[in-house]
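Student: The structure follows.
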Amino acid sequence: MSAHLLTLERSFIKSAPRLNAIRDGIIEANNRLRADDSLETEMIEVLARIYRARISLLTPRSMVRAEPAHLKRLE
């Protein structure tokens, strides 16, 4: 498992456009939260979009184990 994570990390850091997009998304989410603390749900949605668009596409893929209800929650 640890070798798998190292492979993912190496492919992740080799992509400057991916890193920049993730950084920009996190900054955007943080700025929105600072402007209005009631936007916590919106921040989670922004971070989820970043994950789906930029991180979940990395290969090799990993299996995540969790309660199905937790994986399906939008909040």
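FYI, it's all coordinate maths here, none of it is from the lab. Computed from a predicted structure; not experimentally measured.
Student: Suppose a student asked you for the relative contact order of region 2-72, using Cα pairs under 8 Å spaced at least 6 residues apart; what percent would you report? Provide the component values of the computation, followed by the final result.
Tutor: Numbers: 31 pairs, mean separation 26.4, N = 71.
Normalised by residue count, the contact order of region 2-72 is 37 percent.
Student: Using only the Cα atoms, what convex hull volume per residue in Å³ does region 2-72 have?
Tutor: Details: hull volume 7.4 nm³, N = 71.
Taking the convex hull of the Cα positions in region 2-72, it is 104 Å³ per residue.
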